[in-house]
Amino acid sequence: MPGEPDVAGAPSRETDAAGAPSGPADLAAGLARGLLAAAEAFDYRLPELHAGDSRELLGRPVPYPAACRPQAWSAAAAVAILHAATGLYPDVPEGKAVLRPLPSAPLGALSVRGLRVAGSSVDVTVDASGTAHVTGLPEGITLVTE
């Protein structure tokens, strides 16, 4: 129901008349785009903290003077973004890999090569429409699409 808290405790949002984000995937995509834009502004060396001022005001994120840069957990955000965008969730003990990319490829087409799953090199490609393709899954791992 609109306005009820979601799993994270934040109110859920519907698409409004202006086409604002609706649902967790749209919100995650907006966050990912913002993180990628900030990463570019910091030469892809994300600090642990930067100012959250409006882009209209300054045009770029402002570094916090005492923040470490790069910061390991901030830099690891890129891995989490790629994971969500490709949507590959391997479960080797269960013998499956679930494929659930972000709908409609909000970050554009992408290709990730050389992921390691049960010792095998796996490639994931997501086209501009959000359709994902996986190659190289090891024998005994079944691909499940959602």
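Quick note: the coordinates plus some simple rules give every number you see, no bench work behind them. Keep in mind that what you see is a predicted model, and the values were worked out from it rather than measured. Ideal geometry is used to build each Cβ from the backbone, glycine not excepted, and the neighbour counts take in all protein chains shown.
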Amide H contacts under 5 Å for residue 144, restricted to residues at least 5 apart in sequence or on another chain and with H modeled in the peptide plane, are 97, 98, 99
Expressed in nanometres to one decimal, the distance between label points 7 Å along Cα→Cβ at residue 82 and residue 45 is 2.0
Quick note, the stretch 96-139: a/c under 1.5 would make it rounded; otherwise a/b > b/c is prolate and the rest oblate (a ≥ b ≥ c, C-alpha gyration tensor); here it is prolate
Would you please give the residues with an amide H less than 5 Å from that of residue 117, counting only those at least 5 places away or on a separate chain, with H modeled from the backbone geometry?
122
From the square roots a ≥ b ≥ c of the eigenvalues of the alpha-carbon gyration tensor of the stretch 64-130, which class results: rounded (a/c under 1.5), prolate (a/b over b/c), or oblate?
oblate
For the residues 50, 133, what sequence is obtained by ranking on other C-beta atoms within 10 Å, fewest first?
133, 50
Quick one: what are the phi-derived ³J(HN,Hα) couplings along the stretch 45-50, Karplus 6.51/-1.76/1.60 with θ = phi - 60°, whole Hz, x for glycine and proline?
10, 4, x, 6, 7, 8
Got a sec to turn the phi values of the stretch 129-146 into Karplus ³J(HN,Hα) couplings, 6.51 cos²θ - 1.76 cosθ + 1.60 with θ = phi - 60°, whole Hz, x for Gly and Pro?
8, x, 7, 9, 10, 10, 10, x, 4, x, 4, x, 9, 9, 8, 10, 9, 10
Rounded to whole Hz and in sequence order, give me ³J(HN,Hα) for the stretch 89-97 from the Karplus expression 6.51 cos²θ - 1.76 cosθ + 1.60, θ = phi - 60°, writing x for Gly and Pro.
10, x, 9, 4, x, 8, x, 9, 9
Are there any GluC sites (Glu not before Pro) in the stretch 19-114 that are in a DSSP loop and have at most 16 other Cβ atoms within 10 Å? List them by number.
48
Mean-position separation - Cα centroids, the stretch 49-67 and the stretch 74-146, in angstrom:
32
First measure r as the distance between the Cβ atoms of residue 35 and residue 62, then evaluate 1/(1 + (r/R0)^6) with R0 = 22 Å and state the FRET efficiency to the nearest 0.05.
0.90
For residue 73 and residue 112, FRET efficiency with R0 = 35 Å and r from the beta-carbon atoms, rounded to 0.05?
0.95
In percent, how large is the relative contact order of the stretch 34-113, given Cα pairs closer than 8 Å and 6 or more residues apart?
21
For residue 46, residues with placed amide H under 5 Å, excluding near neighbours
71
